[in-house]
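Chemist: Attaching a single structure in structure tokens format; questions to follow.
The values are calculated or read from the model by the stated rules, or taken from the named source; none is laboratory data. Note that this is a predicted model, so its numbers are computed, not measured. Glycine gets a Cβ as well: all are built from the backbone with ideal geometry, and neighbour counts include every protein chain shown.
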Amino acid sequence: MQIIRSISHMQRLSDRLRQEGRRIAFVPTMGALHRGHLSLVELAGRHGDSVIMSIFVNPTQFGAGEDLSRYPRNFERDEKRAAEAGVEVLFYPEEESMYAPGHMTWVVNEGMTDILCGASRPGHFRGVTTVVMKLLHIVKAHVLVLGQKDAQQAAVLGRMLEDMNMETELLLGGIVREEDGLAMSSRNVYLDSASRSEALHLYQALNAAESLIRSGERRMDHILDTAKRVLLESGSITLDYLEFRTFPELRRPESLQGRILLAAAIFLADVRLIDNIIMELDPVQ
Ligand code: PAF
């Protein structure tokens, strides 16, 4: 696996890969790699000839008081995991080169970023769209591979690709879970053992909602109330949001049919966790 730190070096290598007719599949990450990321590498390998991964803890997507300074960083471990998973090129830029002094240009989605995670993380998606646009110009990917766990991020970035007439194709990998159901996340390392077991309520709440829906229930309020009850059985959880949205448009659905996202975010002490399910629903007969 080749490790590249310089933007221009990465651009020249991507030019060469393209000239050789190779399809570049790109997995952007902030490191702290876990099985969720590795499953995206595997998906990328099935849809591209060269898998490029980036590791960059993007400062512009963290708000004041968020976890930028304590975000887990362990490059040696990530490097080993990426190589074992089959990454061909690991792009690991310096912060100063990604945001040179005087940087003042932003990519902003104005319709889908003040809801769900965007409501409690103002500015977050501006950082995400900007850095991913920059990374796509550097890596020149044919395919962008993202995880469903960050469903709003995937929807916003999909919209960006469309709105900006980019030729990059978006692929969404499913959520990878721990044995007991907790969605894999780099932030799970912040949980102590008590919070770790409380966190399971998030998965159980989504499961309870899904079971109701699969059994034919379509009353959104009733489903949300049931899921909230499961969540709040844990005295330590504060609910940020639990909402139905159409996917990938992220509109409030009039009824539960078509492609529906049920997304949730909670706080457990100072740790913010998200999870979701996406369902294809036929109208109930
Ligand atoms: O999902 C992430 O890890 C980040 O938001 C991303 C897409 C790498 C942009 O920094």
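Chemist: Criterion first (within 15 Å of the ligand (Cβ to nearest atom) and either at pLDDT below 95 or more than 11 Å from the chain's Cα centre (by Cα) (or both)) does ARG187 satisfy it? Working first, answer last.
Modeler: Working: within 15 Å of the ligand (Cβ to nearest atom): yes; either at pLDDT below 95 or more than 11 Å from the chain's Cα centre (by Cα) (or both): yes.
Yes, satisfied.
Chemist: Out of the residues in the stretch 55-71 that are within 12 Å of the ligand (Cβ to nearest atom) and closer than 17 Å to SER185 by Cα, which is surrounded by the fewest Cβ atoms within 10 Å (Cβ to Cβ)? Break it down into steps so the answer makes sense when it comes.
Modeler: Pass one, the stretch 55-71, residues within 12 Å of the ligand (Cβ to nearest atom): 55-62, 68, 71.
Then keep just the ones that are closer than 17 Å to SER185 by Cα; that gives 55-58, 61-62, 68, 71.
On the way: ILE55: 23, PHE56: 18, VAL57: 17, ASN58: 21, GLN61: 21, PHE62: 18, LEU68: 14, TYR71: 18.
So the residue we want is LEU68.
Chemist: For GLU96, are the conditions met, namely being more than 12 Å from the ligand (Cβ to nearest atom), free of Cβ contacts under 8 Å to residues at least 60 places away in the same chain and in a helix (DSSP H, G or I)? Give the steps one after another, and end with the answer.
Modeler: On the way: more than 12 Å from the ligand (Cβ to nearest atom): yes; free of Cβ contacts under 8 Å to residues at least 60 places away in the same chain: yes; in a helix (DSSP H, G or I): yes.
Yes; evaluated as a whole, the condition is true for this residue.
Chemist: Is at least one residue of the stretch 240-251 modelled with pLDDT under 95 and more than 20 Å from GLY147 (Cα to Cα)? It would help to see each step written out before you state the result.
Modeler: Filtering the stretch 240-251 down to residues modelled with pLDDT under 95 leaves none.
No: zero hits.
Chemist: Only one of ALA194, ALA208 is modelled with pLDDT of 95 or more, more than 28 Å from ILE24 (Cα to Cα) and of a type outside the set (Val, Ile, Thr); which?
Modeler: The match here is ALA208.
Chemist: Another question about this same structure. Kindly list, by first and then second residue, each pair from a residue in the stretch 239-253 that is more than 17 Å from LEU157 (Cβ to Cβ) to a residue that is hydroxyl-bearing (Ser, Thr, Tyr) and outside any strand (DSSP E or B), limited to pairs with Cβ atoms under 7 Å and residues at least 6 apart or on different chains.
Modeler: As it stands, the answer is ASP240/SER120, since those pairs meet every condition given.
Chemist: Turning to a different aspect of this structure: Go through the stretch 1-54 residue by residue and tally those that are within 16 Å of the ligand (Cβ to nearest atom), in a helix (DSSP H, G or I) and in contact with a strand residue (DSSP E or B) (Cβ under 8 Å, 6 or more places away or on another chain).
Modeler: 8
Chemist: Residue by residue through the stretch 126-153, note down the ones that are within 9 Å of the ligand (Cβ to nearest atom), assigned to a helix (DSSP H, G or I) and in contact (Cβ under 8 Å) with a residue 40 or more places away in the chain.
Modeler: Residues satisfying the conditions are GLY127, VAL128, VAL131, VAL132, LEU135, LYS149, ASP150.
Chemist: Let me ask another. Please indicate, with yes or no, whether at least one residue in the stretch 230-253 is in contact with a helix residue (DSSP H, G or I) (Cβ under 8 Å, 6 or more places away or on another chain), in a loop (DSSP other than H, G, I, E, B) and among the hydrophobic types (A, V, I, L, M, F, W, C).
Modeler: The answer is yes, given that some residue of the stretch 230-253 is in contact with a helix residue (DSSP H, G or I) (Cβ under 8 Å, 6 or more places away or on another chain), in a loop (DSSP other than H, G, I, E, B) and among the hydrophobic types (A, V, I, L, M, F, W, C).
Chemist: Output yes when any residue across the stretch 160-182 is within 11 Å of the ligand (Cβ to nearest atom) and either assigned to a helix (DSSP H, G or I) or touching a Ser or Thr at 6+ places or on another chain (Cβ under 9 Å) (or both), and no when none is. Outline the logic, then answer.
Modeler: Residues of the stretch 160-182 within 11 Å of the ligand (Cβ to nearest atom): none.
Checked the stretch 160-182: no residue is within 11 Å of the ligand (Cβ to nearest atom) and either assigned to a helix (DSSP H, G or I) or touching a Ser or Thr at 6+ places or on another chain (Cβ under 9 Å) (or both).
Chemist: Would you point out which residue out of ARG218, ARG177 is surrounded by 14 or more Cβ atoms within 10 Å (Cβ to Cβ), charged (D, E, K, R) and over 17 Å from GLN148 (Cα atoms)? Please lay out each step first, then the result.
Modeler: Values: ARG177 fails: over 17 Å from GLN148 (Cα atoms).
Unique residue meeting the criteria: ARG218.
Chemist: Moving on to the next point. Is there a residue in the stretch 233-255 that is surrounded by 15 or more Cβ atoms within 10 Å (Cβ to Cβ) and farther than 21 Å from CYS117 by Cβ?
Modeler: No, the stretch 233-255 contains no residue that is surrounded by 15 or more Cβ atoms within 10 Å (Cβ to Cβ) and farther than 21 Å from CYS117 by Cβ.
Chemist: What single numbered condition from (1) surrounded by fewer than 19 Cβ atoms within 10 Å (Cβ to Cβ); (2) touching a strand residue (DSSP E or B) at 6+ places or on another chain (Cβ under 7 Å); (3) farther than 22 Å from GLY118 by Cα fails to hold for ARG187?
Modeler: Answer for ARG187: the failing condition is (3).
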